[in-house]
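Have a look at the structure below before the remarks.
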Amino acid sequence: YEYGELAGEPRMYTEILEQPSSVERTLRGRLDERFGTAHLGGLNLEPRELRAIRRVKILGCGSAYYVGQMGASLVEELARIPADAEAASEFRYRNPIIEPDTLYVAVSQSGETIDTLLAVEEIKRKGGRVIGLVNVVGSAIARACDGGIYLHAGPEIAVASTKALTTMYVGFALLALQLGRVRDLSIADGKRLIAGLQRLPAQIEEILKDEDRLEEVAGALAQAESMFFIGRVRGFPVAREGAQKLKEISYRHAEAYQTSELKHGPLALISPEVPTVAIVPDDELTDRNVAALHEISARRGPLVVVTHPEVDLGDLEAARVDVPKNEVELDPILLTIPLQLIAFHAAKVLGHDVDKPRNLAKSVTVE
Ligand code: AGP
């Protein structure tokens, strides 16, 4: 679907369904298949300057911050540059050390979030270089940055962000690819990732077709007052985003936790009344993830496992949601999509207006 094609449906729902085309727009004209790299002219950085970057620091708020965490993993994995994400709302208040060889990245759908804008201004005041990953063209954050990547997600109206987040992820993949290819990422790996990026729209489409199954899972989760979303390493920001989306519109309590940390505390809360949504990518941690899920199952905690068909869950008792596999670096975004539809259907079954969640505004422009 393109923007506006599904008039009459809740905005959040139409924006979820638009993702195959919004991702395509983010990619358009930016892939160089011959050299296995990305072209991001808007960065205003020469290859020499890209090579001089020693650290990447990503700043955003709410869901943009969680996608920033996914982006930091992409940068570390593909470019082997130390990278991390921080809530922009906290950054400025701890008198951050601004380094000349750090690339600061501000990520924002609206481009008007005051905490992110003030973080950008603080970095610039101290002489740092900031690029933006922003959807709204000409917005305050876009103007304040030294360069950047426009996301081209199209207008996002629903308070709960969906299509902007997928395009942010794609933006980070392009950035990581370009940073990687001026360093040690091989041309073969660059091409592998480009092929993976090109597969994303069709794979997202496939996940969206599984809506009936996701509605069923959402109906069961909506009955619980409180639940966990868990994941580790690549899967953890996915869990954070899943919990955030569910909280925002269904008003159910959802807490994101690292799967590895469960045994250090929250396992005490597991019971038949507290379900867990587990993110299990097909990666080097799959076996450990599955072992942790058995701990939950042994305590009769209901489980929803968001994973890939290739993952063997053995005799684990769980409702399974499968998403197609891509390159391991790109899987987090595919694992995020079902969580959007789960949140949407949970809110719907509870009778909430998904487009007007209580107490929230689309963009937070005052501190
Ligand atoms: C997402 O569903 C939220 N409504 C919220 O966390 C949002 O992502 C955050 O406020 C940042 O907004 P921005 O991307 O416009 O800066």
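Read-outs throughout are calculated quantities, based only on the coordinates presented, and are distinct from any laboratory measurement. None of these values were measured; they are calculated from a predicted model. With ideal geometry, Cβ positions are generated from the backbone for all residues, glycine too; neighbour counts draw on all protein chains shown.
Which loop-located trypsin sites (Lys or Arg not before Pro) does segment 129-192 contain, where loop means any DSSP state but H, G, I, E or B and the Cβ has at most 15 other Cβ atoms within 10 Å?
Details: sites: ARG129, ARG143, LYS163, ARG181, ARG183, LYS191, ARG192; in loops: ARG183.
Of the trypsin sites (Lys or Arg not before Pro), the ones in loops of segment 129-192 whose Cβ has at most 15 other Cβ atoms within 10 Å are ARG183.
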Check the straight Cα-Cα distances from LYS126 and name the lysines below 17 Å, setting aside those fewer than 8 residues away within the same chain.
LYS57
Would you mind pulling out the separation of the Cα centroids of segment 55-116 and segment 311-351, in Å?
26 Å
Net lengthening on full extension, THR365/HIS253 (0.36 nm per residue, minus Cα-Cα):
37.7 nm
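With a cap of 10 neighbouring Cβ atoms within 10 Å, and only residues DSSP puts in a loop, list the trypsin sites (Lys or Arg not before Pro) found in segment 1-64.
Numbers: sites: ARG11, ARG25, ARG28, ARG30, ARG34, ARG48, ARG51, ARG54, ARG55, LYS57; in loops: ARG28, ARG30, ARG34, ARG54.
For trypsin sites (Lys or Arg not before Pro) across segment 1-64 that sit outside H, G, I, E and B with at most 10 neighbouring Cβ atoms in 10 Å, the list reads ARG28, ARG34.
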As I understand it, the value is the acute angle between the Cα axis of helix 211-221 and the longest principal axis of the Cα atoms of the chain; what does it come to in degrees, rounded to 10?
70 degrees
Does a label point 7 Å from the Cα of LYS356, set along Cα-to-beta-carbon, have any residues of segment 9-24 with amide nitrogen under 17 Å, and which are they?
9-13
If one takes the longest principal axis of the Cα atoms in the chain, at what angle in degrees, from 0 to 90 and to the nearest 10, does the Cα axis of helix 286-298 lie?
30 degrees
Within the P(r) computed for the chain, what percentage of the Cα pairs occupies the region above 27 Å?
45 percent
Using helices alone, I'd like the mean residue ellipticity at 222 nm for the chain: each DSSP H run of four-plus residues gives -39500 (n - 2.57), total over residue count, nearest 500.
-13500 deg cm²/dmol
Residues of segment 76-100 with backbone N under 16 Å of the label point set 7 Å from the Cα of ALA52 along Cα→Cβ are 99-100
Compute the distance in nm between two label points, each set 7 Å from the Cα along the Cα-to-Cβ direction, one at ALA7 and one at GLU216.
3.5 nm
Qualifying lysines (Cα of each under 28 Å from Cα of LYS325; at least 8 residues distant if same chain):
LYS163, LYS191, LYS209, LYS245, LYS247
Place the peptides 233-243, 113-123 in order of packing, highest mean first, counting for every residue the other Cβ atoms within 10 Å and averaging per peptide.
233-243, 113-123
With each label point set 7 Å from Cα along the Cα-Cβ vector, what nm distance links ARG192 and SER271?
4.7 nm
Compactness of segment 34-151, expressed as Rg and Dmax over alpha-carbon positions, Å:
13.2, 45
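Using r as the Cβ-Cβ distance of GLN223 and GLU90, and R0 as 30 Å, what FRET efficiency do you calculate, to the nearest 0.05?
Details: r = 35 Å, r/R0 = 1.16.
That gives a FRET efficiency of 0.30.
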Spatial separation of Cα centroids for segment 274-304 and segment 143-222, in angstrom
25 Å
Going by how many other Cβ atoms sit within 10 Å of their own, how do VAL349, VAL290, VAL306, VAL67 line up, fewest first?
VAL349, VAL290, VAL306, VAL67
How far apart, in nanometres, would the label points at HIS294 and ASP312 be if each is projected 7 angstrom from Cα along the Cα-to-Cβ direction?
1.3 nm
